[in-house]
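Every number here is computed from the coordinates shown, using simple stated rules; none is lab data. A quick note: this is a predicted structure, and the numbers were derived from the prediction, not measured.
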Amino acid sequence: MIGFTTALKGLSNSEEQFDQAAQQIAKAPVAAAAGQDTVDLSTAAVAMLQAKNNFDANTKVIKIGDEMQQYLLNAIG
């Protein structure tokens, strides 16, 4: 259960990180048109990739934990 809780929190954090990076990228054309400082798109793109990789890793933790639980239940039962 501890692994599931940690992985679910990681999924939530990854989602938040991805959303923040996407918002930065979405603001870039508006900021440029208004003559304001533009967002560093490469930094935002890297943040999105990191968020995706984190999300994938946490998904794998949940999948492996589920498989282990199923294995244990089958061994007991």
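Remarks
- Partners for LYS9 among lysines (Cα-Cα distance below 17 Å; same-chain residues under 8 apart left out): LYS52, LYS60, LYS63
- Using only Cα coordinates, the Kirkwood hydrodynamic radius of the chain works out to 14.5 Å.
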